[in-house]
Amino acid sequence: MKKTAVLFAVCLMTMMLFAGMASAHVTVLPNESTQGKYEVFTLRVPTEKEIATVKVEVKFPAGVTVSRFEPKFGWKYDVTKDGTGKITSVVWTATGDGFGATEFGEFKMSGKVENDAKDLSWKAYQTYKDGSVVEWVGADGSDKPASVTKIKAAAPGADSHGHDTGASAPAAGASDSSESKTPLYLSIAAVVLGALALLVALLKKK
């Protein structure tokens, strides 16, 4: 019984550890969008050190045109444009203390996914108060992966805002949010492991 309880505790702590790792990356939401759709993208930045995050840069991938930025108190932003006037990157810089050791922040920007867009890979650079920079530019599965927005083909008859003109409105309470479901899956796995551990304990008692 004691061995089973220890096993369950170890499994549960492992699940919690992986859940924390999964949510600690700099990410751009939503995780999924559609060709031709106007979208609000949210850059989520967690601080992973004992010092503050004071600057974040994001380079925009081909396949998206970002044109608007939501102001954020305590931060300013500067954009870079190419020769055609298209915005290619943005840098948010803290005017105050930034995001502390146990904090995270979100920056919102809006734009359009191009009609022929493929998956969008967002390269981000997170700067801490000591001047160190974490480059979130790696491949999926790497230690510092770039956030990726999966792009679906536009549905036949969809308008320029990504709405299907021939489809009925979504049911009340439905949500388009495509935020990562990893924590949910991990929680379910933890519950399953707990149930298995309890079953093993009962069988041993018999």
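Restricting attention to segment 132-155, and to residues there that are surrounded by 14 or more Cβ atoms within 10 Å (Cβ to Cβ) and hydrophobic (A, V, I, L, M, F, W, C), which single residue is modelled with the lowest pLDDT? Per the criteria, the residue is Ala155. Look at (1) touching a residue at least 24 places away in the same chain (Cβ under 8 Å); (2) closer than 30 Å to Ala153 by Cβ and you find that Val91 fails only one, number (2). Looking across segment 114-151, the residues that are of a type outside the set (Gly, Ala, Ser) and closer than 17 Å to Glu39 by Cβ come down to Glu114, Asn115, Asp116, Lys118, Asp119, Leu120, Trp122, Val148, Thr149, Lys150, Ile151.
Residue count for segment 59-103 satisfying the condition of being part of a strand (DSSP E or B), of a type in the set (D, E, K, R) and within 17 Å of Thr27 (Cα to Cα): 1. You will find that of Ala19, Ala52, Ala24, the residue that is of a type outside the set (Ser, Thr, Tyr), at pLDDT below 95 and surrounded by 15 or more Cβ atoms within 10 Å (Cβ to Cβ) is Ala19 and no other. Filtered by the rule that a residue be within 23 Å of Gly74 (Cα to Cα) and loosely packed, with under 13 Cβ neighbours inside 10 Å, segment 116-131 gives Asp130, Gly131. Residues that are over 19 Å from Lys59 (Cα atoms), surrounded by fewer than 19 Cβ atoms within 10 Å (Cβ to Cβ) and modelled with pLDDT of 95 or more within segment 97-115 comprise Asp97, Gly100, Glu103, Phe104, Asn115, listed in sequence order. Selection over segment 67-88 of residues that are free of Cβ contacts under 8 Å to residues at least 40 places away in the same chain, surrounded by 14 or more Cβ atoms within 10 Å (Cβ to Cβ) and of a type outside the set (Val, Ile, Thr) gives a count of 3. I'd like to check something: does segment 30-46 contain any residue that is farther than 17 Å from Ala124 by Cα, among the aromatic types (Phe, Trp, Tyr) and modelled with pLDDT of 95 or more? So far as segment 30-46 goes, yes, one or more of its residues are farther than 17 Å from Ala124 by Cα, among the aromatic types (Phe, Trp, Tyr) and modelled with pLDDT of 95 or more.
The values are calculated or read from the model by the stated rules, or taken from the named source; none is laboratory data. Values in this document were obtained by computation on a predicted structure and should not be read as measured data. Quick reminder, even Gly has a Cβ in these numbers, built from the backbone with ideal geometry, and neighbours come from all protein chains shown.
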